[in-house]
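Beneath this line is the structure, given in structure tokens, with notes to follow.
No lab work stands behind these numbers, since they all come straight from the coordinates. Just so it is clear, the model here is predicted, and its values are computed rather than measured. As a convention, Cβ positions derive from the backbone with ideal geometry for all residues, glycine included, and neighbour counts pool all protein chains shown.
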């Protein structure tokens, strides 16, 4: 009799092309769909050009424009034209600027139960809400998936989370995932897929599940998976795609590597304090702190209901004089339904500021808060400086908490609205005759080979990197735990337009950590031939941006030595030829100092011979051991100086 499988195991088993379902071992899975956005997609398209691809080999690949929407000069619009031409050239769908955030638009129009999705955005797991195995990855891994290659990863364990009960009034899906973050922090789910099951699922609609799946990334999870059930069928019917629905449930008797359980009825309004998604406390503990901004929207709260509930709370009232209520619609389709049903009217009459459909303030592309003031946001991240304001103070919360606080001017537990305003919790009902709109999604061209790529002056070619070599270089930075890719390669309106220009964007490497890093890196490259960096646990968490590997590599980074790595950041280092070494002892991490010169001899030989690499601290005169956990495939890519070199070496 066959072993009962959970949903995650079914998805992986049906797409497995290399390896076995043994946690920790490397597996390769076939990818059915890909997702790229403009902040990462420009580089992916340049990689496809460098690889000589004729046409996408996936079932569906879609290029979205949702991050770099501000057109303050030529850079972003030039990238938009380039991406449109690349979508035509390589056979991808193209989502035009203003059509919406990639994740909810993909869920609305392309996500299919039982399929796999690889996206060059770390919140791609949002489509796990549809019964997909949706994986965030570095752009280069996605480029290979578009070319028909498998995506490789370590076989994850599965954390089964049983949901029971029913959410109380004034509590919503954002509070559920904040409860998970309260339990697991930003690294507690590394090496796991989080799979939700149980009777409480019937209380969560598909976009509620999208909220939870989106922010599984913030716990370090490989991805998040929900079953495809009658609720997913209803959602696909609403979006005129019910013919693509299939049921996908865990088998009776299916087991999980670890278990947890949440009684939805016990959850209260929660909030993540600055400056980490894992710094979660009850809203009641910080109630009364004054705020400057309340921001509703983003891929972490993208559904129609999220805007509807905010509009019901502020309906007939005006937001506090000291508060900017920023409404960030997540798709053109959502906007149309907001307009049709009066949601937009209520928000505008309350004094809300309406922004175009896109990522916008979530990634520091506009809506930066005032200095020294608190900003409440329904976004997935509040890493330092991500908002665009240095030393920002960003809290993560639900739409209910954000809207309630916009009225009072202070952080407010939404349960107190009844006492403050006599307000009952609004009962939500799906709108009748829900509008669907696919007009801003341009279908792949039939013959793109003749299409010329349109490259503006800001678009550079991809740098070529040499094979790895031995090194004797200085430690330019010694960092602590949970260093994010936002800190390695700054986000925001000043930086994002250079995503297709590696020499320019490299000037922002580690600038959040050390404003003088670029100058130091140039001196180290000229004097020593490069540098290394030191870090604690969970290095390179957060965004999938491969620029956080490419830019330091361009500046001469030879290796990173950390206590541990986040999955995508670790893979990106390998993809671009930076050795991701790990300390074997915390004492070695403590002993090393910024500025020390480290030497590694016979690096290639040591990597090939085993899992240990000997490093000499020339400055302090001692030797210590590091280790790596690379597969044979990754090791070859590292030795070649990056996976593009490996790919080229395979060509006849």
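Sort region 521-652 into rounded, prolate or oblate with this rule: let a ≥ b ≥ c be the square roots of the eigenvalues of the Cα gyration tensor; rounded if a/c is under 1.5, and if a/c is not under 1.5, prolate when a/b is larger than b/c, oblate otherwise.
rounded
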With axes computed from alpha carbons, what is the tilt in degrees of helix 399-408 against the longest principal axis of the chain, rounded to the nearest 10 within 0 to 90?
70 degrees
Can you tell me the 0 to 90 degree angle between the C-alpha axis of helix 173-184 and the longest principal axis of the chain, rounded to 10?
40 degrees
As an exercise, find the ratio Rg/Rh for region 518-592 from alpha-carbon atoms, using the Kirkwood inverse-distance average for Rh.
0.98
What order do you get for 367-380, 560-573 when each peptide is scored by the mean count of other beta carbon atoms within 10 Å, highest first?
560-573, 367-380
Output for region 270-421 (equivalent-ellipsoid semi-axes, sqrt of 5λ from the C-alpha gyration tensor, Å, descending) is 21, 18, 13
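As a test, work out the antiparallel percent of DSSP beta bridges whose residues both lie in the chain, rounded to the nearest 5. Don't skip to the end; give the middle numbers.
On the way: 30 of 88 bridges.
Beta bridges within the chain, antiparallel portion: roughly 35 percent.
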Order by protection proxy (mean Cβ within 10 Å, highest first), peptides 405-417, 339-351
405-417, 339-351
Sort the following peptides by mean Cβ neighbour count (other Cβ atoms within 10 Å, averaged over residues), highest first: 538-548, 589-599.
538-548, 589-599
Using Cα pairs closer than 8 Å and at least 6 residues apart in sequence, work out the relative contact order for region 411-565, in percent.
25 percent
Using 0.36 nm per residue of separation minus the Cα-Cα distance, give me the extension gain between residue 169 and residue 230 in nm, one decimal.
19.6 nm
Quick one, what does Rg over Rh come out to for region 7-266 if you take C-alpha atoms and the Kirkwood Rh?
0.97
Place a point 7 Å from the Cα of residue 202 along the Cα-to-Cβ direction; which residues of region 428-458 have their backbone N under 20 Å from it?
428-430
What's the angle, to the nearest 10 degrees (0 to 90), between helix 304-314's Cα axis and the longest principal axis of the chain?
60 degrees
For region 363-496: rounded, prolate or oblate by the Cα gyration tensor [a/c cutoff 1.5]
oblate
What full-extension length gain, to one decimal in nm, is calculated for residue 627 and residue 349 as 0.36 nm per residue of separation minus the Cα-Cα distance?
94.1 nm
Counting only DSSP beta bridges with both residues in region 1-125, tell me the antiparallel percent, nearest 5.
15 percent
Restricting to region 270-421, compute how many DSSP beta bridges are antiparallel as a %, nearest 5.
25 percent
At 222 nm, what helix-only mean residue ellipticity would the chain give, in deg cm²/dmol to the nearest 500, using -39500 (n - 2.57) for each DSSP H run of four or more?
-8000 deg cm²/dmol
Note on the chain: contact order normalised by length, alpha-carbon pairs under 8 Å, 6 or more apart, percent, works out to 14 percent
A student applying the Cα gyration tensor rule (rounded when a/c is under 1.5; otherwise prolate if a/b is larger than b/c, oblate if not) would label region 40-108 oblate
Note the full-extension length gain between residue 620 and residue 18 as 0.36 nm times their separation in residues minus their Cα-Cα distance, in nm to one decimal.
212.3 nm
